[in-house]
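To start, the structure under review is shown below, and the notes come after it.
Every number in this text was worked out from the coordinates using simple rules, so none of it is lab data. Being a predicted model, the structure only gives us computed values, none of them experimental. Ideal geometry is used to build each Cβ from the backbone, glycine not excepted, and the neighbour counts take in all protein chains shown.
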Amino acid sequence: MDLSFSPEEEVFRQEVLDFIAEAKRELPPDLGPPEEARLSKDDYLAWHRLLYKKGWVAPGWPKELGGCAWSVTQKYIFATETAKAGMPTTLPFGLGMVGPVIFTFGNDAQKKKFLPRILSGDDWWCQGYSEPGAGSDLVSLRLRAVRDGDHYVVNGQKTWTTLAQYADWIFCLVRTDPDAKPQEGISFLLIDMKSPGITVKPIIILDGAREVNEVFFDDVRVPAENLVGEENKGWTYAKFLLAHERSALAGASRSRAALTELKVIARAEQLNGEPLIRDPDFSRKLAALEADLMALEFTELRILGKEAKGEKVDAESSILKVAGSEILQRVSDLAVEAVGYYALPDAAPLGGNDEIGPDHARGIAGRYFNLRKVSIYGGSNEIQRNIIAKAVLGL
Amino acid sequence: MDFSLSEEQTLLRNALSRYLADRYSYEAWRKLTATPEGRDPVHWRQFAEMGLLAAPLPEAVGGLGGGAVETMVVMEEFGRALVVEPFVPTVVIGGGLLTAAGGALAEEMLPKIAGGEAVMAFAFAEPQSRYNLADLTTVAKKQGSGFVLNGRKSVVLGAPWADHLIVTARTGGAQREEKGVSVFLLEKSAKGLSSRDYAAMDSSRASEIIFEGTPARLIGEEGAAHPALEAAVDRAIAAHLAEAIGTISVLMNATVDYAKTRKQFGQPIGKFQVLQHRMVDMYIAQQQAQSASLMANLQLDDPGRARNVSAAKAAMSKYARAVAESAVQIHGGIGMTDELNVGHYFKRLMLLETLYGSPDHHLRRMANLDAEPQ
């Protein structure tokens, strides 16, 4: 057991810190994770493009495809330092989801067509998985794709599609064989969002943000060359991606950034003329929360260590998802408590409260409501517990 | 021991419940909270006609001589329908403080409250005060026969709708001293009053208010209002506890209904034991919440009032949060949407958790009362 970093890794850390300092001068202010839901497309892409220019946009991709091929430790150093510095994160849909599916299961033409534009940020991807009738029970999905010559004709609906309003492309799980067993009739299809017959309808969520959408498909013609891998083998690729998604959803670094911000708030807020952070009731809750977070950070490290040794990591991502999402929600909860009455002007569906109360109180209640999603999306925490029960405990 | 309502109380509840079902559906609420004003005063006039605004006030001033049970009945129905009308600041706070103070101002204002002619907001919180009612930097100075106010109040709920404000201010003593706290009534249109209006989390309206030499009339005794203020706020908390019962019941029913109809894995999700247990926990929380509300409301005139109310408030926050968070979780994505009612009931309960003090504040108040010499 050894927790220290090698001299090379320390050199790498310094390189990351230098890059962050430079990026901070170039990026618009307030791009950090807490405000993500309110960012414009350009805001999202500003960080992505800086990373791309540096050659750091795809830490986990193979070198020959334009990735960094960083070691697990390097990825960890990068994620930790950027979170500590309050930097934004890149969106996972292209880089973390469809990209790896394409370079793992796609053909050469698809790799050539799609991967460079994912890296550069020229194509914005969204994820077409959930449907109104297929949430936790994803495999019951019904978006129908029927082969018609060189095309598939797609009809049906996806929902909870994050930031589809910005997307150039959507990767979809479609049903190509309705007569087969549910898992065996699904295909993985890449669809141009500009195709005739696609309608995107916003869903406003509890913090007033348009973060998700419904996407409707009405006789949408998709070239058959946009099928990834084999027809009716899509569930295999979907599962590959889901395991990938889970571990990224509620990373400790996100809670760490939020907790750092919460401590700043707790120093600024007052209780009977003293900083709130001196209140034993509040500070004990803060400490208890951080204790859980510190354990989570080491749970993450242990899983990274396993990965670094080339061992298979699967059900562990469910542990991270459950523990990480619950901690993230608790941080947002304690932040609401910290700002007291100035939580109340926030998260009003009508908006327009941008100047009410201290700066640090803005968006706090909205974030609390927004983050109710993290125990629901990417496979609800109930589903994650089922996975652990079955795959780890053998129940 | 009898927890049932009297005939009159049952009639009051049924009349209000019918009215709200007809005129204050969730769809109607969405529409009216989205208007620039955020409410429709027609409901206030109707409530006055139904006798709701007079129900808990003394008969001598045009009230119906009811008490905590009448307020509880009204608030529970309001909670079910997310009613935004300022019943608590006007009738419970304004009516309560004026009744306790008596005198000419009370005789002038109480009939107006009972008749629906006065709408009030309660301006007590300040940027630094958190939940301490005595932490005041707003000051009142004698001028002629009245007073003038200088200072600032935060998050004054319902202020954009009010024609009168009840304001706490210091007439003496140090910043957090109980001695020196006074309560005033002033007209919203008074000179030297400026406000910035906005929508709150629950789609109701609120204001930041600044007083610069604003004339005001004293309610009760100068510099000795803290006990009456605490009593009025305890009654307001008790009223909101009853409201929360109505709000929780809607979330509870919506969740159980959804779990019976939403199918995943070929069966209603309510068939999964993990969700059954979660809903059973919601139900137990609902029952405990109901008990906490009754415990506080039925003993408002007892010497143990403050401790009872704080206990119930702290416990209620825990139960309400458990029900609301589970309601969203069990609804899944659809529970996250602005369109469904669940989120708005959740938001109202979150607002009530903070209003008049967080759970920590009330647990500390209990502990401080326990530590006082016997």
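With loop membership from DSSP and a limit of 13 other Cβ atoms within 10 Å, the longest segment of chain A without GluC sites (Glu not before Pro) is A:1-229. Note on B:334-347: average number of Cβ atoms from other chains within 10 Å of each residue's Cβ is 5.
Taking each of A:K158/B:K318; A:K233/A:K312; A:K373/B:K153; A:K53/A:K75 in turn, the alpha-carbon distance tops 29 angstrom for A:K158/B:K318; A:K373/B:K153.
Shape of the stretch B:66-151 from its Cα gyration tensor (a ≥ b ≥ c, root eigenvalues): rounded if a/c is under 1.5, otherwise prolate when a/b > b/c, or oblate? It comes out oblate by the Cα gyration axes. Computed 3J(HN,Hα) for the stretch B:286-293, one whole-Hz value per residue from the Karplus formula 6.51 cos²θ - 1.76 cosθ + 1.60 where θ = phi - 60°, is 4, 5, 5, 5, 4, 5, 4, 4, glycine and proline marked x. B:K263: which aspartates and glutamates have alpha carbons under 16 Å from its alpha carbon, excluding same-chain residues fewer than 8 sequence positions away? Straight-distance partners of B:K263: A:E131, A:D137, A:E382.
Relative to the longest principal axis of the Cα atoms of chain A, helix A:7-26 runs at roughly 90 degrees.
Only helices enter this figure: runs of n ≥ 4 DSSP H residues, each worth -39500 (n - 2.57), summed and divided by the residues of the protein assembly as shown, yield -15000 deg cm²/dmol at 222 nm to the nearest 500. Between the stretch A:265-314 and the stretch A:327-395, the C-alpha centres lie 16 angstrom from each other. Sites count as exposed loop sites when they are chymotrypsin sites (Phe, Trp or Tyr not before Pro), lie in a DSSP loop, and have at most 14 other Cβ atoms within 10 angstrom; the longest stretch of chain B without one is B:4-264. The trypsin sites (Lys or Arg not before Pro) of the stretch A:114-196 that DSSP puts in a loop, and whose beta carbon has at most 10 other beta carbons within 10 Å, are A:K194.
Computed over chain B with a Gaussian network model linking Cα atoms closer than 10 Å, the most mobile of B:E59, B:E85, B:E208 is B:E59.
Amide H to amide H distances under 5 Å link A:Y152 with A:V222, A:A224, where only residues 5 or more positions off or on other chains count and H is placed in the peptide plane.
Each residue of the stretch A:231-237 is assigned a 3J(HN,Hα), and the resulting list reads 4, 6, 10, x, 5, 4, 5 Hz, derived from the Karplus form 6.51 cos²θ - 1.76 cosθ + 1.60 (θ = phi - 60°), x at Gly and Pro. Size of the stretch B:220-374: Rg and Dmax of its alpha carbons, in Å, are 18.3, 69. Computed over the protein assembly as shown, the P(r) curve from all C-alpha pair distances, binned at 10 Å from the origin, holds 2, 13, 22, 23, 17, 12, 8, 3, 0, 0 percent per bin. Classify the stretch A:269-367 as rounded, prolate or oblate, taking a ≥ b ≥ c as the square roots of the eigenvalues of its Cα gyration tensor: rounded when a/c is under 1.5, otherwise prolate if a/b is larger than b/c and oblate if not. Oblate is the answer for the stretch A:269-367, as a/c is 1.5 or above yet b/c matches or exceeds a/b.
Beyond 16 Å, the tail of the calculated P(r) for the stretch B:291-374 holds 59 percent of the Cα pairs. Using alpha carbons only, how many angstrom separate the centre of the stretch B:58-84 from the centre of the stretch B:137-214? About 25 Å separates the Cα centre of the stretch B:58-84 from the one of the stretch B:137-214. Overall form of chain B: prolate. Here a/c, set by the Cα gyration tensor axes a ≥ b ≥ c, is 1.5 or more, and a/b is the larger of a/b and b/c. Of interest is the spacing of the C-alpha centroids, which for the stretch A:71-101 and the stretch B:266-291 amounts to 38 Å.
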